[in-house]
1. For the stretch 39-143, please list each of the strands (runs of 3 or more DSSP E) lying entirely inside it that holds at least 1 residues being among the aliphatic types (A, V, I, L, M), modelled with pLDDT of 95 or more and over 18 Å from the mean Cα position of the chain (by Cα).
2. Only residues in the stretch 183-211 that are touching a residue at least 12 places away in the same chain (Cβ under 8 Å) count as the first member; pair them with residues that are surrounded by 14 or more Cβ atoms within 10 Å (Cβ to Cβ) and of a type in the set (Ser, Thr, Tyr), Cβ under 6 angstrom, at least 6 apart or cross-chain, and list the lot.
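The values are calculated or read from the model by the stated rules, or taken from the named source; none is laboratory data. Given the structure is predicted, the values throughout are model-derived calculations rather than measurements. Heads up, the Cβs are rebuilt from the backbone with ideal geometry, glycines too, and the neighbour counts pull from every protein chain shown.
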Amino acid sequence: MLHYHRAIGAPLWATSEGNHKRHELALLFFKERAMGIDITAYSKVKKLDCNYDDDGEPVSKATGEPVDFGFLANVNTDFPGRNGSLEAGAAYDFEKRVVGMDCGYGAYNGWRNQLAALAGWPAVEYKRYSTVELRHDAAAWAASEGPFWELITFTDCDGIIGAEVAAKLHKDFKQFAEKAAQHDDEWFRENYASMSAAFELAADEGAVRFH
């Protein structure tokens with residue numbers, strides 16, 4: 001229930017203005033949830049020995065029937081090398097799985113900017129449309145290496161990180177763990193911990209999938 005109130009008179013939610021405001025908030029909430037990112041980590045991934053149908057779905061070589069699989073490697077070619085040895089479109093099975101993050105795009109990008117600040121990337125000017133803002137992640141975007149660089153400069157919607165890159169990022173999470181534990185934003189701390197666990201798992205011959 002909304003708890004906005006006017007200084008005098010009826011509660012805001014009981015007015016036409018309040019109804020409009022409530023409608024706007026609901027639209028923003030559902031848009032954020034519908035247009036979000038899931039980050040899932042896997043360990044001990046193994047490529048299936050199978051064929052693929054016209055839709056790219058794995059099928060049995062013997063019968064042509066669909067086969068069970070863990071995930072399809074959604075390699076993002078805009079970020080060469082992030083996938084490591086994972087083959088684009090190939091079906092994989094896995095041993096263990098954990099969720100790193102599950103949130104809206106805006107929330108994830110905000111968290112990633114906080115991550116960049118934590119790692120010491122300076123705030124630099126970044127122009128988005130007609131607005132110029134100071135962002136820590138923009139400093140990483142202009143670089144070619146550094147703490148969390150492979151994550152900060154990666155897609156926020158669709159792609160996969162292989163075990164090799166995951167192992168490097170896991171080292172970054174371990175390096176800044178103590179500093180992250182002292183961060184004043186509880187949501188940031190919680191997701192730092194879950195993402196650290198995700199990359200630790202993926203470093204074990206696994207993968208981290210953004211989907």
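1. So the answer is 91-93, 124-128, 131-135.
2. Once the first residue is touching a residue at least 12 places away in the same chain (Cβ under 8 Å) and sits in the stretch 183-211, its partners that are surrounded by 14 or more Cβ atoms within 10 Å (Cβ to Cβ) and of a type in the set (Ser, Thr, Tyr) give Leu201/Ser43; Asp204/Ser43; Gly206/Tyr42; Gly206/Ser43; Ala207/Tyr42; Arg209/Thr40; Phe210/Thr155.
Quick grid of which residues meet (1) within 13 Å of Gln114 (Cα to Cα); (2) of a type in the set (Phe, Trp, Tyr); (3) surrounded by fewer than 16 Cβ atoms within 10 Å (Cβ to Cβ):
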{"position": "Ala138", "(1), (2), (3)": "yes, no, no"}
{"position": "Asp158", "(1), (2), (3)": "no, no, yes"}
{"position": "Ala163", "(1), (2), (3)": "no, no, no"}
{"position": "Leu169", "(1), (2), (3)": "no, no, no"}
{"position": "Phe176", "(1), (2), (3)": "yes, yes, no"}
{"position": "Lys179", "(1), (2), (3)": "yes, no, yes"}
{"position": "Asp184", "(1), (2), (3)": "yes, no, yes"}
{"position": "Asn191", "(1), (2), (3)": "yes, no, no"}
